[in-house]
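Structure record follows, encoded as structure tokens.
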Amino acid sequence: MPRIKSYRQLLDTYQQFRPLLNLRLNGHDLPTSERAILVCGGTGCHASESQQLVANFQALIEKNGLSDTIQATISGCFGFCEQGPIVKIYPDDVFYVQVKPEDATEIFEEHILDNRRVERLLYLDPVLKEKIAAQHDIPFYQPQQRIALRHSGLINPEDIREYIAVEGYQALGKVLAEMTPEMVIEEMKRSGLRGRGGAGFSAGKKWEFARQYQSPEKFVICNADEGDPGAFMDRSIMEGDAHTVIEGMAIAGYAIGANQGYVYIRAEYPLAVDRLRLAIKEARELGLLGKNILGSGFDFDVDIRLGAGAFVCGEETALIHSMQGERGEPTTKPPFPAQSGLWGRPTIVNNVETLANVPVIFTRGADWYSAIGTQTSKGTKVFALAGQVNNIGLVEVPMGTTLREIIYDIGGGIKGDARFKAVQTGGPSGGCIPGQFLDVPIDYESLASIGSMMGSGGMIVLSDATCMVKFARYYLEFSVDESCGRCLPCRVGTKRLYEILVNITEGRGTEADLVELRELSETISDTALCGLGQTAPNPVLSTMKYFWDEYEAHVKEHRCPAGACEKMLRYQINAEKCIGCTACARVCPVDAISGTVKQLHTIDQMRCIKCGACKAKCKFKAISNN
């Protein structure tokens, strides 16, 4: 493809490439003899052989001589991870789920050749008890509004022509041809876009700060070091639409006067890294990165820096130190990176989702974007919905959507008809939100008011089978492992918090421990060096606030109400239900159960290793573990 040397030529290229996506964008106007087959190419589906699925479709197309009328290609993540691998047929708008490579033949022969849907592979709604063919009719998708994820599941992330065909790089062209850097910053401020990486600071104001400092060089950094347990929002955007992030970085570079950008991404994301490298290569070849972009005189390029997977490097100053080849440790602010960042130069650090929102702000306008969301939290937010919820996956909703809408309307409720207990937002820095707040709107201020935070967007749903003390212990263990060790409150304080929680969950806790747990958490929050250390006690503080009764049960009664703390379990046999079938004794790996046929059995507590095999085996529900 020839280099694109002007904004006018970019618009002509858009018109040239647009027909590539006609089947997907305007499929209902085209003959059904023309079809496109999209296969999810995200990490989860990739691991489930979606690449082989594409290859099988392509082989069938070639075998039947239909290469001129049918496309088969990968796409970005459709978001409905619980149902992957996913195949979508255009223009029919038929959505197949949990598709295996060997299903390609049946879909091709039945659907493509004979125009009959493969009913067994359609989504079965667990509430309606009926099959649903169209993606937009599936309850998981209906309440969503996709902006950051607008191209995922629509375009091939490995073909820049498809990105250009959905108005890709037009925002950059408009900015370079029609706007000054000051105008760009004002438009960003009017949009109300706040950083999606955790703190929620105004993206426009951050750019403005960096613009005002004079320097021979400035930098734009994309923070793709997504480290929260259960979070995969940024990874999916990079895998499914890397060009939108590159375009957002170039616009940011023009606004602040930077000519170089870096994507700091963890090496644990090989698929995202590969697609990012390809996208950068494609953009350079077309002249959309490099010297004199679109004849504007603006130079900007992007390179990749791989991180080793340290959670603390998600903090911007620690990230910058890592990029400079130093130990990834945070430093006190000010100065902020916008004044003195990478190699002492003005630097802005925005995360992947923030940058993915930038191009659409300039193609649709700041007024359009700011009309979405709440008064103080504009636009949409992507969440990685996980845990004990039926519909696990990526969710993008307008700010102000309630937790109840996400968990029940989109997530399909709690698995196995269990009772909802809490939802964790904000990862290790966030808090656990109980059922009384299910109708709280999701925005930065509302979540902070109830002891949690937006964070990067992890959302883990917990059922009544979860022990909240043990859950807090899990996050403290993570924080201890990931602490950079620079400041005493985080290095020693989180370790001590973890040790107290271990004692409590193993039946050795005292009431004095509860006092120390709270006081130490508050001290760490007040004195740790960086935001990660300051928020590390949040899981403890929030669970103590809303689930105090569980802490008391562990300490005063030496009992885990949820039956989840193994060392506190006591398996017992109910005399009224036991019929002496001997099934429990036969399955016990340590011979801790004694009793003869048709006689009451007993469990030797000294021998019992709390494995639960006896309870699982008993058909008469005669064994409990409270």
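Odds and ends about this structure:
- Members of region 255-264 found to be touching a helix residue (DSSP H, G or I) at 6+ places or on another chain (Cβ under 7 Å) and crowded, with 24+ Cβ neighbours inside 10 Å, listed by number: Ala255, Ile256, Gly261, Val263
- For region 441-460, filtering for residues that are under 23 Å from Asp225 (Cα atoms) and part of a strand (DSSP E or B) leaves 3.
- Test: residue in region 525-534 that is buried (at least 23 other Cβ atoms within 10 Å of the Cβ) and either basic (Lys, Arg) or part of a helix (DSSP H, G or I) (or both): yes
- Which listed residue is over 16 Å from the mean Cα position of the chain (by Cα), under 25 Å from Arg161 (Cα atoms) and at pLDDT 95 or above, from Ala210, Ala250, Ala203: Ala250
- One residue stands out among those in region 340-370 that are farther than 15 Å from Tyr169 by Cβ and among the β-branched types (Val, Ile, Thr): the one that is surrounded by the most Cβ atoms within 10 Å (Cβ to Cβ), which is Val352.
- Failed item, numbered, when Ala310 is tested on (1) aliphatic (A, V, I, L, M); (2) buried (at least 24 other Cβ atoms within 10 Å of the Cβ); (3) outside the structural domain of Asp443 (by TED's automatic domain parsing): (2)
- Top-ranked residue of region 313-332 - restricted to ones that are out of contact with any helix residue (DSSP H, G or I) (no Cβ under 7 Å at 6 or more places or on another chain) and touching a residue at least 40 places away in the same chain (Cβ under 8 Å), ranked as surrounded by the most Cβ atoms within 10 Å (Cβ to Cβ): Glu316
- Of the residues making up region 188-240, those that are part of a helix (DSSP H, G or I), among the charged types (D, E, K, R) and closer than 30 Å to Asp159 by Cβ number 3.
- Check on Phe95, part of a strand (DSSP E or B), touching a helix residue (DSSP H, G or I) at 6+ places or on another chain (Cβ under 9 Å) and surrounded by 18 or more Cβ atoms within 10 Å (Cβ to Cβ): yes
- Region 190-208 - residue that is surrounded by fewer than 17 Cβ atoms within 10 Å (Cβ to Cβ) and touching a residue at least 60 places away in the same chain (Cβ under 8 Å) and, of those, farthest from Lys381 (Cα to Cα): Arg190
- Counted residues, region 138-182 - those being loosely packed, with under 15 Cβ neighbours inside 10 Å, of a type in the set (Asp, Glu) and assigned to a loop (DSSP other than H, G, I, E, B): 0
- The number of residues in region 382-421 being over 19 Å from Arg194 (Cα atoms), touching a Ser or Thr at 6+ places or on another chain (Cβ under 7 Å) and touching a residue at least 60 places away in the same chain (Cβ under 8 Å) comes to 2.
- Residue in region 400-421 that is among the aromatic types (Phe, Trp, Tyr), farther than 20 Å from Leu149 by Cβ, over 19 Å from the mean Cα position of the chain (by Cα) and not in a helix (DSSP H, G or I) present: yes
- Residue check, Ala564 touching a helix residue (DSSP H, G or I) at 6+ places or on another chain (Cβ under 8 Å), within 30 Å of Val590 (Cβ to Cβ) and not charged (D, E, K, R): yes
- Residue within region 579-590 that is under 24 Å from Arg473 (Cα atoms), part of a loop (DSSP other than H, G, I, E, B) and outside the structural domain of Tyr474 (by TED's automatic domain parsing) present: no
- Test for Leu53: is it surrounded by 17 or more Cβ atoms within 10 Å (Cβ to Cβ) and either in contact with a Pro (Cβ under 8 Å, 6 or more places away or on another chain) or at pLDDT 90 or above (or both): yes
The rows are residues; the columns are (1) buried (at least 20 other Cβ atoms within 10 Å of the Cβ); (2) at pLDDT 95 or above; (3) touching a Leu at 6+ places or on another chain (Cβ under 7 Å).
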| residue | (1), (2), (3) |
| --- | --- |
| Pro2 | no, no, no |
| Leu10 | yes, yes, yes |
| Phe17 | no, no, no |
| Leu21 | yes, no, no |
| Arg24 | yes, no, yes |
| Gly27 | no, no, no |
| Pro31 | no, no, no |
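- Which listed residue, of Ile504, Ile460, Ile500, is in contact with a helix residue (DSSP H, G or I) (Cβ under 9 Å, 6 or more places away or on another chain), within 29 Å of Thr317 (Cβ to Cβ) and not small (Gly, Ala, Ser): Ile460
- Of the residues examined, Val39 is not one that is in a loop (DSSP other than H, G, I, E, B) and either closer than 30 Å to Ala231 by Cβ or not assigned by TED's automatic domain parsing to the domain that holds Glu396 (or both).
- Meets criteria (in a helix (DSSP H, G or I) and of a type in the set (Asp, Glu)) for Glu353: yes
- Residues within region 549-578 that are without any contact (Cβ under 8 Å) to a residue 60 or more places away in the chain, outside any loop (DSSP other than H, G, I, E, B) and closer than 21 Å to Met468 by Cα, tallied: 6
- Note on region 484-508: among residues that are of a type in the set (Gly, Ala, Ser) and surrounded by fewer than 22 Cβ atoms within 10 Å (Cβ to Cβ), the one that is farthest from Met568 (Cα to Cα) is Gly485.
- In region 279-306, the residues that are in contact (Cβ under 8 Å) with a residue 40 or more places away in the chain, in a strand (DSSP E or B) and surrounded by fewer than 22 Cβ atoms within 10 Å (Cβ to Cβ): Asp301, Asp303, Ile304, Arg305, Leu306
- Within region 451-470, the set of residues being surrounded by fewer than 23 Cβ atoms within 10 Å (Cβ to Cβ) and either among the hydrophobic types (A, V, I, L, M, F, W, C) or touching a Cys at 6+ places or on another chain (Cβ under 6 Å) (or both) comprises Met453, Ala465, Lys470.
- Filter result for Gln135 (under 26 Å from Pro19 (Cβ atoms), without any contact (Cβ under 8 Å) to a residue 60 or more places away in the chain, crowded, with 17+ Cβ neighbours inside 10 Å and not aliphatic (A, V, I, L, M)): yes
- Residues being at positive phi and over 21 Å from the mean Cα position of the chain (by Cα) - total across region 120-171: 3
- Residue check, Tyr546 surrounded by 22 or more Cβ atoms within 10 Å (Cβ to Cβ), closer than 20 Å to Asp464 by Cα and not assigned by TED's automatic domain parsing to the domain that holds Ala422: no
The values are calculated or read from the model by the stated rules, or taken from the named source; none is laboratory data. A quick note: this is a predicted structure, and the numbers were derived from the prediction, not measured. A quick note on method: Cβ atoms are made from the backbone with ideal geometry, for glycine too, and the neighbour counts reach across all protein chains shown.
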